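Here's the structure we're looking at; comments come further down.
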Amino acid sequence: MIHFSSRLLILRSMNQISQTDLAKHIHVTRQTIAAIEMGTKAPTLFTAFKIAKFFGESIESIFTFRESKK
């Protein structure tokens, strides 16, 4: 099983940007941003790159995942 998490909500809050504004900047829906923040959806590689570039961060500093043996 893969466990996914992100610092996206923290970064958005620190930069005072709404889900809607971020979504418009990177050309995805607000629902996509919400799902990534809640951990119900992992971003595509392209979306992860766009988010990282927007915030001036590395992908690894924003998104983490780990696999657990089950």
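The values are calculated or read from the model by the stated rules, or taken from the named source; none is laboratory data. Just so it is clear, the structure is predicted and the values come from calculations on it, not from any experiment. Ideal geometry is used to build each Cβ from the backbone, glycine not excepted, and the neighbour counts take in all protein chains shown. These area figures cover heavy atoms from the full protein model, side chains too; ligands, DNA and RNA do not enter into them. Shrake-Rupley method; radii C 1.70, N 1.55, O 1.52, S 1.80 Å.
Within the chain, how many lysine pairs that are 8 or more places apart, or on different chains, have C-alpha atoms less than 30 Å apart?
Pairs that pass both the separation and distance tests number 7.
Per residue, the chain exposes an accessible area of 70 Å² to a 1.4 Å probe, with every protein chain left in place. Of the peptides 8-16, 21-29, the ranking by mean beta-carbon count within 10 Å, highest at the top, reads 21-29, 8-16.
For region 15-28, the Karplus equation 6.51 cos²θ - 1.76 cosθ + 1.60, evaluated at θ = phi - 60°, returns couplings of 9, 6, 10, 7, 4, 5, 5, 4, 4, 5, 5, 10, 6, 10 Hz by residue, with Gly and Pro reported as x. Note: region 18-58, Cα convex hull, 65 Å³ per residue. If the Kirkwood radius is taken over C-alpha pairs of the chain, then at 37 °C and 0.692 mPa s the Stokes-Einstein diffusion coefficient equals 268 µm²/s. Take every pair of alpha-carbon atoms less than 8 Å apart whose residues are at least six positions apart; their mean separation over the length of the chain yields a relative contact order of 50 percent.
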